[in-house]
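Undergrad: The structure follows.
Every number here is computed from the coordinates shown, using simple stated rules; none is lab data. All figures in this text were calculated on a predicted structure; none of them were measured in a lab. Cβ: placed from backbone, ideal geometry, glycine included. Neighbour counts: every protein chain shown.
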Amino acid sequence: MARTDRPERVAVLSLHTSPVAQPGTGDAGGMNVYILQTARQMASRGVEVEIFTRATSSKDAAAFEAAPGVLIRNIAAGPFEGLDKHDLPTQLCAFAAGVLREEARHEPGYYDVIHSHYWLSGQVGWLARDRWRVPLVHTAHTLAAVKNASLAVGDKPESASREIGEKQVVEEADRLTANTIDEAKSLIEVYGADPDKIDVVAPGADLSVFKPGDRARARAALGVDAGEIVVTFVGRIQPLKAPDVLISAAAELHRREPALPLRILIVGGPSGTGLERPDSLIRLAASLGISSLVTFLPPQPPERLAEVYRASDLVAVPSYSESFGLVAIEAQACGTPVVAADVGGLGVAVRGGETGVLVPSHDPLEWATAIGSLLTNDRLRARMATNAPKHAQNFSWEHTADALLDTYQRAAQHFGGVIAQAVDGERPSGEFSPRRPRGVWR
Ligand code: UDP
């Protein structure tokens with residue numbers, strides 16, 4: 001039987017959001033981008049990827065190719081519409097059944113490895129791993145305990161049951177990936193993960209799309225005046241992302257320097273409110289008397305988003321918690337310095353003082369000072385704009401996919417060891433044997 005150090009086919013589980021949903025609104029964000037981009041990269045290396053997600057529309061095909069070698073499988077589990085995110089755990093069994101039934105239609109050993117994203121998928125991955133006898137790699141993306149430790153005012157804490165579910169997946173997975181060393185520490189210290197089974201795998205950006213370009217053309221395309229000073233927020237509009245901090249800081253900046261031709265761009269859609277428009281932010285801008293300075297844009301596709309970054313003087317990422325912060329990398333890749341809260345992965349994504357500024361609080365007055373001091377220092381901003389794309393080169397989906405393939409191999413080693421104890425000699429560790437006879441492990 002041919003054995004290789006690479007899987008032939010990966011089953012990726014993304015229960016709670018489809019990787020092809022428009023990121024930047026609802027539940028779709030960086031994780032969706034991560035899953036699709038790494039799948040594309042793997043497929044280009046000859047590794048097939050099948051992504052299982054929950055069907056959310058009767059119009060969804062049961063399966064379709066999102067890119068060559070990347071298949072999306074829409075699994076019917078619960079109503080297509082109207083299921084609250086918090087009720088998704090009620091559909092774990094239905095989703096798991098759909099995934100297991102799909103695999104049962106194929107020859108034994110159809111998938112070589114399972115990669116689950118977010119704890120809900122991890123719960124299903126754990127079951128599939130036991131049934132299929134292949135290794136489970138899990139990426140949490142966000143952790144309830146970390147999120148709860150730095151909530152925005154009035155934001156609801158994540159449930160204790162989520163934390164229990166996360167701990168189970170951390171315990172069960174053959175290998176874990178963390179976006180940063182800090183996240184790995186949280187997995188170890190808060191979730192009790194075995195340090196030996198964690199790989200730090202940094203996410204990336206599509207550097208063929210997010211790259212420096214003609215600023216004047218980008219401004220013209222967006223209808224931004226050449227003389228305006230543009231500070232931009234990009235992402236899902238929810239308390240955790242703190243776009244209100246930017247708007248309040250802008251109001252303070254405007255009070256301090258009324259002549260500053262400030263334009264605040266807010267790009268993205270509401271997340272968690274079910275509203276079409278970011279109403280609370282629109283009201284906030286009005287109550288602070290700066291409605292005329294703030295422009296709201298709906299979620300944008302990548303090419304258009306690259307124009308938004310290029311048209312901006314600064315991109316602000318004021319989040320209360322951020323496991324990495326793809327927006328910060330994308331903006332820097334386009335040559336735009338970033339002002340970011342010094343939380344989570346943002347301290348890795350942004351090089352404070354070199355490619356942007358890290359702000360240690362969420363106080364709008366402090367943010368106004370940080371933004372103001374950059375806007376009035378053209379030389380510093382120009383230096384950061386030069387450094388930023390160089391720093392961003394360290395983060396590409398090519399790197400991420402290569403690192404994940406290494407992780408899959410390590411997972412196979414661990415799994416091989418576990419199986420070897422049970423069935424001596426049947427599965428050499430660290431190798432994928434694509435066509436295992438099903439009966440061997442049962
Ligand atoms: N995004 C997008 N269009 C938008 C807003 C955001 O495609 O209008 C994408 C953005 O390019 C980034 C992702 O959504 O890749 C957001 O990822 P990030 O890690 O910044 O935040 P998350 O959503 O994971 O919390």
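Undergrad: For GLU398 and SER58, compute 0.36 nm times the residue count separating them, minus their Cα-Cα distance, and round to one decimal in nm. Show your work: numbers first, answer last.
TA: Working: separation 340, 0.36 × 340 = 122.40 nm, distance 3.42 nm.
Result: 119.0 nm gained on full extension.
Undergrad: Here's something else I'd like to know. If amide H atoms are built 1.01 Å from N in the plane of the peptide, which residues on other chains or at least 5 residues away come under 5 Å of the amide H of ALA178?
TA: Close amide H contacts, sequence-distant or interchain: ASP199, VAL200, VAL201.
Undergrad: Also: Would you work out the relative contact order for the chain, in percent, from Cα pairs under 8 angstrom that are 6 or more residues apart? Walk me through the intermediate numbers first.
TA: Details: 898 pairs, mean separation 80.0, N = 442.
Relative contact order here is 18 percent.
Undergrad: Rounded to the nearest 500, what is the chain's calculated 222 nm mean residue ellipticity when only DSSP H runs of at least 4 contribute -39500 (n - 2.57) each, over all residues?
TA: Values: 15 runs with 176 residues, N = 442.
-12500 deg cm²/dmol, from helical runs alone.
Undergrad: Can you tell me the length gained on complete extension of the stretch SER208 to ALA226, counting 0.36 nm per residue apart and subtracting the Cα distance? It would help to have the intermediate numbers written out before the result.
TA: Working: separation 18, 0.36 × 18 = 6.48 nm, distance 2.58 nm.
The span from SER208 to ALA226 would gain 3.9 nm if fully extended.
Undergrad: Rounded, prolate or oblate: which fits the chain when a ≥ b ≥ c are the square roots of the eigenvalues of the alpha-carbon gyration tensor, with rounded for a/c under 1.5 and prolate only if a/b beats b/c? Can you show the working numbers first?
TA: Values: a/c = 2.06, a/b = 1.89, b/c = 1.09.
Verdict is prolate for the chain.
Undergrad: Within straight cross-link reach of LYS390, meaning Cα distance under 18 Å, which aspartates and glutamates are found once same-chain residues fewer than 8 apart are removed?
TA: Candidates past the 8-residue exclusion: ASP206, ASP214, ASP313, GLU330, GLU354, GLU398.
Undergrad: Still on this structure, I have one more. Between segment 81-113 and segment 356-411, what's the alpha-carbon centroid distance in Å?
TA: Here the two parts' Cα centres lie 37 Å apart.
Undergrad: Let me ask something else about it. Tell me, what is the FRET efficiency for HIS106 and SER44 to the nearest 0.05, using R0 = 30 angstrom and their Cβ-Cβ distance as r? Spell out each step's value before the answer.
TA: Details: r = 23 Å, r/R0 = 0.77.
With R0 = 30 Å, the Cβ-Cβ based efficiency is 0.85.
Undergrad: I need the peptides 388-396, 244-252 ranked by packing, meaning the mean over residues of other C-beta atoms within 10 angstrom, with the highest value on top.
TA: Values: 388-396: 19.0, 244-252: 24.0.
Highest mean packing first, the order is 244-252, 388-396.
Undergrad: Where does helix 364-375 land angle-wise versus the long Cα axis of the chain, in degrees 0 to 90, nearest 10?
TA: Computed tilt is about 80 degrees.
Undergrad: Continuing with the same structure: Sorted by average packing, counted as other Cβ atoms within 10 angstrom per residue and highest first, what order do 56-63, 7-14 take?
TA: 7-14, 56-63
Undergrad: Rounded to the nearest 5, what is the percent of antiparallel bridges among the DSSP beta bridges in the chain? Don't skip to the answer; put the middle values down first.
TA: On the way: 6 of 54 bridges.
Around 10 percent antiparallel, to the nearest 5.
Undergrad: Continuing with this model, one more query. Determine the gain in length on full extension of the stretch ALA97-SER361; use 0.36 nm per residue of separation and subtract their C-alpha separation, reporting nm with one decimal.
TA: Numbers: separation 264, 0.36 × 264 = 95.04 nm, distance 4.53 nm.
Computed gain between ALA97 and SER361 is 90.5 nm.
Undergrad: Something else about it: Enumerate the calculated ³J(HN,Hα) couplings along segment 95-108 in order (Karplus 6.51 cos²θ - 1.76 cosθ + 1.60, θ = phi - 60°), each rounded to whole Hz, writing x wherever the residue is Gly or Pro.
TA: Going residue by residue, I get 5, 4, 4, x, 5, 5, 5, 4, 5, 5, 6, 10, 5, x Hz, with x marking Gly and Pro.
Undergrad: Here's another thing I want to ask about it. Rounded to the nearest 10 degrees, what's the angle between the helix 160-172 long axis and the longest principal axis of the chain, both from Cα atoms, 0 to 90?
TA: Helix 160-172 sits roughly 50 degrees off the main axis of the chain.
Undergrad: Once label points are set 7 Å from the Cα along Cα→Cβ at both SER292 and THR369, what is their separation, rounded to one decimal in nm?
TA: About 3.0 nm, to one decimal.
Undergrad: Nothing charged except the Cβ atoms of Lys and Arg (+1) and of Asp and Glu (-1): what's the magnitude of the dipole of segment 1-157 about its Cα centre? Round to the nearest 20 debye.
TA: Numbers: 16 positive and 16 negative charges, 45 e Å.
Charge dipole, segment 1-157, about its Cα centre: 220 debye, nearest 20.
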